[in-house]
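Asker: Please find one structure pasted underneath; my questions will follow.
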Amino acid sequence: MTKPAISFEFFPAKTEQGHEKLLSTYDELNKLSPAYFSVTYGAGGSTRSRTLDIVQALCARGNTDIAPHLSCIGDDKSEIAELLDLYKSLGIKRLVALRGDLPSGQVGMGELPFALDLVKFIREYSGDHFRIEVAAYPEMHPQARSFELDVENLVNKYQAGANASITQFFYNADSYLYLRDTLEKRGIDTIAQPLVAGIMPITNSSNLVRFADSCGADIPRYVRKRLTDFGDDRTAIREFGFDVVYRLCERLISEGVPAMHFYSMNKVEPNKRLIEALGLTA
């Protein structure tokens, strides 16, 4: 059985101390031989300078690919083109192309209101220089009118030039498999154009519930119930969470998932523990 590729997501630290800790986390996770690290980008580019700082620092620190998130909502084409030129000058070869969230108080959607528009623009402006990853939603985007229309949008992003998609995190393997099978029926080869499984380790119940509620991800009822029962017992939450995510990953690997993208929360553990337990180290 072929081992799935692994990758990690970072978010820009807000403090110098957090920045230094992130670099240390990178050093540890990089030992696991990931395909790349992605770096998030705040609503309307609200973390642009911090994203650029960490992208430049990571590029200088190692040879592993860095994939900056690039959101388009509220930005115009000239701003996006400027970033594309900068990333090309830094040797960046991957991007995660997203619509992004409209910042509070901002009204205009910009020249590129949707991720599909961004993918098209990147291809028009930069040709095939960048490998483009886009977002996928096994449990449907919270603003989508239907699952069918959500799948249609994802297919359109692939056809516009996306090389792969990374799913929102999920805990029901069947939701991923159903999306995979639906894409295959629409002519998308989810190995050649990977449907990457987004994996969120469980370490903090309140944070997890907040994330899930904000992005439309489903937490199975038994998981919510157990997390509530554990109360403030952090050790019990971590061990239960590890078991839930380990079993999820095992199922995905048995089903031939091509790659897994870990939402690291800028932490070494439990990402490293999961990957070592699953036998995914090089």
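The values are calculated or read from the model by the stated rules, or taken from the named source; none is laboratory data. Note that this is a predicted model, so its numbers are computed, not measured. Backbone-built Cβ (ideal geometry, glycine too); neighbour counts: all protein chains shown. For the accessible areas, the whole protein counts, side chains as well, though only heavy atoms, and no ligand, DNA or RNA atoms are used. Shrake-Rupley method; radii C 1.70, N 1.55, O 1.52, S 1.80 Å.
Asker: Roughly what percent of Cα-Cα pairs across the chain reach past 28 Å?
Answerer: For the chain, the share of Cα pairs beyond 28 Å comes to 35 percent.
Asker: Need one word for the range 1-84: rounded, prolate or oblate. Basis is the Cα gyration tensor (sqrt eigenvalues a ≥ b ≥ c); a/c below 1.5 gives rounded, then a/b vs b/c decides.
Answerer: Oblate, since a/c reaches 1.5 and b/c is not below a/b.
Asker: Binning at 5 Å from 0, report for the range 177-240 what percent of all alpha-carbon pair distances ends up in each bin.
Answerer: The percentages, shortest bin first, are 4, 15, 21, 16, 12, 12, 11, 7, 3, 0.
Asker: Take the cross-link list Lys88/Lys267; Lys31/Lys88; Lys225/Lys267; Lys93/Lys157; Lys157/Lys272; Lys21/Lys93 and give me the ones stretching past 30 Å between alpha-carbons.
Answerer: Going by Cα-Cα distance, Lys157/Lys272 fall outside the 30 Å limit.
Asker: Using the Cβ atoms and a cut-off under 12 Å, what net charge is assigned to the surroundings of Lys31, where Lys and Arg are +1 and Asp and Glu are -1?
Answerer: -2
Asker: Still on this structure, please answer the following. Please express the Cα-Cα pair-distance distribution P(r) of the range 75-205 as a list of whole percents, one per 10 Å bin, running from 0 to the bin with the greatest distance.
Answerer: Reading upward from the zero bin: 11, 40, 33, 15, 0.
Asker: Here is a follow-up. Whole angstrom only: what separates the Cα centroid of the range 166-182 from the Cα centroid of the range 74-98?
Answerer: 29
Asker: Here is a follow-up. Taking the Cα centre of the chain as the origin and placing charges on Cβ (Lys, Arg +1; Asp, Glu -1), which of Leu183, Phe211, Asn271 is farthest toward the positive end of the dipole?
Answerer: Asn271
Asker: Moving to a separate point now. Under a Cβ-only charge scheme (Lys and Arg +1, Asp and Glu -1), can you give me the dipole magnitude of the chain about the Cα centre, in debye to the nearest 20?
Answerer: Its charge dipole is roughly 360 debye.
Asker: What percentage of the solvent-accessible surface of the chain, computed with a 1.4 Å probe over protein heavy atoms, is contributed by carbon and sulfur atoms?
Answerer: Using a 1.4 Å probe with all protein chains present, the chain comes out at 47 percent carbon and sulfur.
Asker: Then there's this: Would you be so kind as to identify which of Asn153, Pro258, Leu52 lies farthest towards the positive end of the dipole of the chain, taking Lys and Arg as +1 and Asp and Glu as -1 on Cβ and the Cα centre as origin?
Answerer: Working it through, the farthest residue towards the positive pole turns out to be Pro258.
Asker: Where does the chain land at 222 nm, in deg cm²/dmol rounded to the nearest 500, when only DSSP H runs of n ≥ 4 count, each adding -39500 (n - 2.57), divided by all residues?
Answerer: After summing the helix terms and dividing by the residues of the chain, the value is -14500 deg cm²/dmol.
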